[in-house]
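For reference, the structure discussed in these notes is given below.
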Amino acid sequence: MFYQRSCPRVWRAVWSRLRFSEKAIVTVLLAGVLSALAAAQSLPAITPTPDAHQASIHFSSRPETAKAASREPVQGVSAGELVKKALAANAELIAARLEIDRARARLQQAGLRPNPTLDFEQQRGVFNSPGERVTTVGVSVPLELGGKRARRLDLAQAELEVAQAEVAERERRLAAEVRAAYVEALAAQRELGLTTGLNLLDTQTAEVVEARVSVGDAAPLEAKLLRVELDRLLARRALVEGRYQAALLKLKSLAGMPLEERLSLREELAQPALHEPPATTEAAIEIALRTRPDVRLARLQEEAAQAGLKLAKAQVVPDIIVSTRYGTSINSFDETPIGFLTDRDRLFSVGVSIPLPLFNRNQGVKAEAAVTIAQAQRRSEFVEAVVRAEVGSALARYRAAQLSLATFEQGVLPRSEDNIRTLRAAYDIGAFRITELITEQRRLLDAQREYTEALTERYRALSDLQAALGGVQQ
């Protein structure tokens, strides 16, 4: 009580008699002393729990703090584990994989030879020759020429490989989508913890301010201003909570998990469980061009178009149809000198049928196949250009994020934390008004948000780089 009543009044009396220059010197000296004292104390830590519903505050997000936290066992699911779940349980991907089975069925069909034809024919006499009858049984066998069967197999095999590459590309995109949702959830979880922890500190400060207002040591306006800040933080927390829950729901949907199942995250923005990028952009591009499924898909589509053109040319060569027939013929003669006679004949024939490709030489099919080849070549060039751009962009973003994080960790955050400690201690002895504390607190919160954005950008850049390099599983 003595501290609450006497100390602030004495301080204000002394402070009011000082000149401006003397006030400035005292403020600087007081800030230095309070900063040194506050540095020896530890603030409550803000470390979001996996579900981010309970949090304690810690404004320091420097490397040594992250390393100390990393030694503690963390429960939850990593991004790699969610990617594996999605690859195994995503309904859209499961449906896409059925296209491979369809391509295998087409490959099986392409290897089959044409069926022979069995002909049966019977003729009976009418009118003046009712006893006459001709019965014929024949077999026709098509013989494919020009290597049509081999060309069909080549095309079907190329289409099978295209289907497999398309599924691999879907898997790559799905993995990238899962990681993107994961980093959004991590960012929302971290901001939720920061906002919650700052709200707890403001609640404690509000209790002190209200106690001072009750004894006349502070104006009622100070309590109202702090309550406005508390309500603002609560509103912000509600928005961040919504973002966090939406990101979790998206992760569950992508991974094929029941929406009601509990999901907690293991990783942290400061320590992404992703591989470090290659040393140079050229090395990264070389890896991407060698491993990316969409690059392979574009090349396979060009090969499939080439196989389609070869098949179209082979189909111009006419097939030969070899046939053989065996028949019996019964003829009757009733007006002969010796009376009614019956003649039985047995017939055997062999024939060859050859279509003449005079008009239809697959001109349109061959022209379409040539255009498809050119189209596939242009697409392949475009995909390679996109890969180079994606790799370069991800690496540039990663390096920029690293520079930004270094600035925050070495300058912005330590100074902001020291400032807030100094202002809180100075406010307790009446040296500053609550508005100055709130203003500096908002600066710290803005700095923490920007630091979270930088962490998020680094994680997202690493994730995009992994996707650009063709990675699926970690």
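What to note about this one:
- Cross-link partners of LYS250 among aspartates and glutamates (Cα-Cα below 12 Å; sequence separation of 8 or more within a chain): GLU177, GLU184
- Each peptide in 370-378, 108-116, 453-461 gets a packing score, the mean of other Cβ atoms within 10 Å over its residues, and the list from highest to lowest is 453-461, 370-378, 108-116.
- In sequence order, the range 86-98 has phi-based couplings of 5, 5, 8, 10, 5, 5, 5, 5, 4, 5, 5, 5, 5 Hz under the Karplus curve 6.51 cos²θ - 1.76 cosθ + 1.60, θ = phi - 60°, and Gly or Pro positions carry x.
- Surface composition of the range 84-197: carbon plus sulfur atoms hold 53% of the accessible area, using a 1.4 angstrom probe and ignoring ligands, DNA and RNA.
- Mean Cβ count within 10 Å, highest first, over the residues of peptides 286-299, 249-262: 286-299, 249-262
- Counting 0.36 nm for each residue step from ILE320 to ASN419 and taking away their Cα separation leaves a gain of 26.3 nm.
- Packing around the peptides 161-167, 275-281, taken as the average count of other Cβ atoms within 10 Å per residue, puts them in this order, highest first: 161-167, 275-281.
- Euclidean distance of C-alpha centroids, the range 213-260 and the range 276-331, integer Å: 58
- Long-range tail of P(r) for the range 226-380 (Cα pairs > 24 Å, %): 75
- Residues THR280 and ALA374, FRET efficiency given R0 of 45 Å [Cβ-Cβ distance, rounded to 0.05]: 0.85
- Around ALA367: net Lys/Arg minus Asp/Glu count, Cβ-Cβ under 14 Å: +2
- Between the range 343-383 and the range 99-119, the alpha-carbon center distance in angstrom: 17
- Neighbourhood charge, 14 Å Cβ-Cβ cut-off, centred on ALA385 and excluding it, Lys, Arg +1 and Asp, Glu -1: 0
- Other-chain or far-sequence residues with amide H under 5 Å of VAL77's (modelled H): SER264, LEU265, ARG266
- Amide H to amide H, with H built 1.01 Å from N, ILE320 comes under 5 Å of LEU143, LEU145, counting only residues 5 or more places away or on other chains.
- Computed label-point distance, nm, for sites LEU347 and LEU112 using a 7 Å Cα→Cβ extension: 3.3
- Listed values for the range 368-380 are Karplus-derived 3J(HN,Hα) couplings in whole Hz (6.51 cos²θ - 1.76 cosθ + 1.60, θ = phi - 60°), namely 4, 5, 5, 5, 4, 5, 4, 4, 5, 5, 5, 5, 4, and x replaces Gly and Pro.
- Modelled FRET efficiency - R0 22 Å, THR328 with VAL139, Cβ distances, 0.05 increments: 0.85
The values are calculated or read from the model by the stated rules, or taken from the named source; none is laboratory data. Please read all numbers here as calculations on a predicted model, not as lab measurements. In this analysis, Cβ positions are derived from the backbone assuming ideal geometry, glycine residues included, and neighbour counts consider all displayed protein chains. With ligands, DNA and RNA removed, areas are computed over all heavy atoms of the protein, side chains included. Shrake-Rupley method; radii C 1.70, N 1.55, O 1.52, S 1.80 Å.
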